Amino acid sequence: GIGQDITGRIAQEREYAKLIDTANAPIFGVDNMGQVNVWNQCAMKLVGYTTEEVMGHSLVQEFISPEHRTRVQGVIDQALRGEETA
């Protein structure tokens with residue numbers, strides 16, 4: 001069979017994950033269904049929810065106040081389509 005050593009790639013991905021987690025700015029990510037899949041320490045401190053509490057949950061429906069949900073969902077939808085957001 002054909003094999004490929006991905007040791008370097010795994011190490012690089014771990015380094016990126018560490019940089020995101022320890023950044024001095026809140027960083028979060030959502031998958032294409034709007035479920036939280038990245039939540040760094042700064043986001044946790046700012047918002048008060050732990051990574052365990054948010055991972056896999058709907059960002060907009062569960063963590064955004066009702067008056068901002070439509071606007072936030074619109075920005076996420078734009079980003080998921082690859083459009084620039086402001």
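Got a sec? Which of Y16, Y49 is surrounded by 12 or more Cβ atoms within 10 Å (Cβ to Cβ) and more than 23 Å from A86 (Cβ to Cβ)?
Y49
Which one of Q41, Q61 is out of contact with any Phe, Trp or Tyr (no Cβ under 8 Å at 6 or more places or on another chain), over 22 Å from E13 (Cα atoms), open to solvent by 60 Å² or more (accessible area, probe 1.4 Å) and not small (G, A, S)?
Values: Q41 fails: over 22 Å from E13 (Cα atoms).
Going through Q41, Q61 in turn, just one is out of contact with any Phe, Trp or Tyr (no Cβ under 8 Å at 6 or more places or on another chain), over 22 Å from E13 (Cα atoms), open to solvent by 60 Å² or more (accessible area, probe 1.4 Å) and not small (G, A, S): Q61.
Could you give every pair whose Cβ atoms fall below 9 Å, whose first residue belongs to segment 59-84 and is in a helix (DSSP H, G or I), and whose second residue is of a type in the set (K, R), counting only separations of at least 6 or pairs across chains?
Listed by first residue and then by second, the contacts come to V60/R69; Q61/R69.
Does G56 satisfy being at pLDDT below 95 and among the small types (G, A, S)?
no
The values are calculated or read from the model by the stated rules, or taken from the named source; none is laboratory data. On a predicted model such as this, the values are computed, not experimentally measured, just so you know. A quick note on method: Cβ atoms are made from the backbone with ideal geometry, for glycine too, and the neighbour counts reach across all protein chains shown. Side chains included, ligands, DNA and RNA excluded: accessible areas come from the protein's heavy atoms. Shrake-Rupley method; radii C 1.70, N 1.55, O 1.52, S 1.80 Å.
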